[in-house]
Amino acid sequence: MVRAIREHLAVRSAAGQTVGETGVGSPWHFHPEYELILITSGSGIRLIGDHVGNFATGDVVLLGPDLPHSWTSTTPSSDPASAAVLHFTAQVADLIVTSTGAGPVHTLLGHAGLGALITDAPSGLQAELRHAADGDTTDLRLLSRIFAALAELAGLIVTPLAFRALGSPSKQAKSRIEAVCNFLITHYEDPISLSDAARAAHMSPSAFSRFFAANMGRTFVDYLTEVRIQRALALLLNSDLPITEIATRSGFTNLSNFNRRFRERQGLSPTQYRRAADTATRRARPLERTDRR
C-alpha cells in the first residue's frame, strides 16, 4: 500500500519496502500512486502533464495518480540532481481525507491532479521527507509521516503546474505522447522536425500535428521551444557559458531566433535575464512566468 523510494544510486530492500537511490532522471511516465517528491540537490527540467518548467533544490511537488511526468537533471553528470520520493496509493489518500475531513489536505490532494508545487518548504519538513524516503521505518510509521507531511504542506502556498492533467487520452494516445516526450527530452539539443516527432509516434506528420495539439493544448513546435527555453534558463543561472553556447546547447541553431523566442516567453533578453537573476538573489531557480500560455 505504501512505497518509499529515495533516489540516489544502489538499490536495497528494507522494512518490506523497495528503496532505491539514483540521480533524478526518469522517462515520461505515469503510475496509479500519488508521488511526493523533494528535490534534495541540483536542478533540471520537469514535464508534468502539459507543463514544462525547471526544478531546483528544495522544491516539493505532489503528483496525483496517472499524471504523466518526467524529471531530467541538467546539472553535471558527475554531480546529478537527486531527490527523496514517496509513493502512496489512492486508498491511503482516501484514508487521510476521511481522517481530516474536507479541509486543506483534501484541497491539496485535489491540486495534485495538476501537479502541486510547494516552494520554500521549512527545513524541518524537508528533513522529515528525507527520513521517510530513506525507508528505514515500518509501514505504519511511514503512513504516519505521510499524514503529518501532507498536513503541513497543505498550510503552505501551493501552485498548480499543469494547465490540464492529460488524464482523458486513451491508452494508445498516452503511449504515443510518452514516446514523443521521451524523444524530445533526449534529443532537444539536436535539430528536430515535425516529421521526426511524427515518426516517434508512428503517425503521419499531418495526423501527428493535430493529435499533439489536441492532447497537449499547444502545437508541437511551441512545446519543443518551451523545453529548449527551460534548458536555456537552467544554463543561464547555473553556468558562466556565453549566450551563443547556451543557445546551441539548448537546441537553437540561430542566435537571433533564440533571443527572440526567449524574450517572447520571459519578457527579457537572455543577457538581461542573467543580469537580473545575478543582481536579485543568485538563487539557482529560474524566474518562471506566472501565465501558462
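The values are calculated or read from the model by the stated rules, or taken from the named source; none is laboratory data. Note that this is a predicted model, so its numbers are computed, not measured. Positions of Cβ are backbone-derived with ideal geometry, glycine not excepted, and every protein chain shown enters the neighbour counts.
Would you please name the residue that is farthest from TRP71 (Cα to Cα), looking only at residues in the range 171-195 that are of a type outside the set (Val, Ile, Thr) and without any contact (Cβ under 8 Å) to a residue 12 or more places away in the chain?
Once the filter is applied, the top-ranked residue is SER195.
Just a yes or no: is a residue in the range 83-97 of a type in the set (S, T, N, Q) and either under 17 Å from LEU117 (Cα atoms) or crowded, with 21+ Cβ neighbours inside 10 Å (or both)?
No: zero hits.
Condition test on GLY23, is it out of contact with any His (no Cβ under 6 Å at 6 or more places or on another chain), modelled with pLDDT under 85 and at positive phi?
no
Under 7 Å between Cβ atoms, which residue pairs at least 6 apart in sequence (or on different chains) link something in the range 63-80 that is crowded, with 22+ Cβ neighbours inside 10 Å with a partner that is of a type in the set (Val, Ile, Thr) and in a loop (DSSP other than H, G, I, E, B)?
Final answer for the pair search is TRP71/VAL24; SER73/VAL24.
Is it fair to say ILE37 is under 10 Å from the mean Cα position of the chain (by Cα) and farther than 26 Å from THR219 by Cβ?
yes
Please give the strands (runs of 3 or more DSSP E) falling wholly within the range 59-150 in which 3 or more residues are of a type in the set (Asp, Glu).
none
Mind listing just one residue for me: the one in the range 247-280 that is over 15 Å from PRO191 (Cβ atoms) and of a type in the set (Ser, Thr, Tyr) and, of those, surrounded by the most Cβ atoms within 10 Å (Cβ to Cβ)?
If we take residues in the range 247-280 being over 15 Å from PRO191 (Cβ atoms) and of a type in the set (Ser, Thr, Tyr), then TYR273 is surrounded by the most Cβ atoms within 10 Å (Cβ to Cβ).
Does ASP50 satisfy the condition of being surrounded by fewer than 21 Cβ atoms within 10 Å (Cβ to Cβ) and either within 18 Å of the chain's Cα centre (by Cα) or not assigned by TED's automatic domain parsing to the domain that holds TYR188 (or both)?
When the stated conditions are applied, ASP50 does not pass them.
Residue pairs, Cβ under 7 Å, 6 or more apart or interchain, first in the range 109-134 and touching a residue at least 12 places away in the same chain (Cβ under 8 Å) and buried (at least 18 other Cβ atoms within 10 Å of the Cβ), second outside any helix (DSSP H, G or I) and of a type in the set (Phe, Trp, Tyr). List them.
ALA112/TYR34
Do we find a residue being exposed (fewer than 15 other Cβ atoms within 10 Å of the Cβ) and touching a residue at least 12 places away in the same chain (Cβ under 8 Å) anywhere in the range 196-210?
Within the range 196-210, one or more residues are exposed (fewer than 15 other Cβ atoms within 10 Å of the Cβ) and touching a residue at least 12 places away in the same chain (Cβ under 8 Å).
Collect the residues in the range 153-177 that are surrounded by fewer than 18 Cβ atoms within 10 Å (Cβ to Cβ) and either modelled with pLDDT of 75 or more or assigned to a helix (DSSP H, G or I) (or both), keeping them in residue-number order.
GLY155, LEU156, ILE157, THR159, PHE163, LYS171, GLN172, ALA173, SER175
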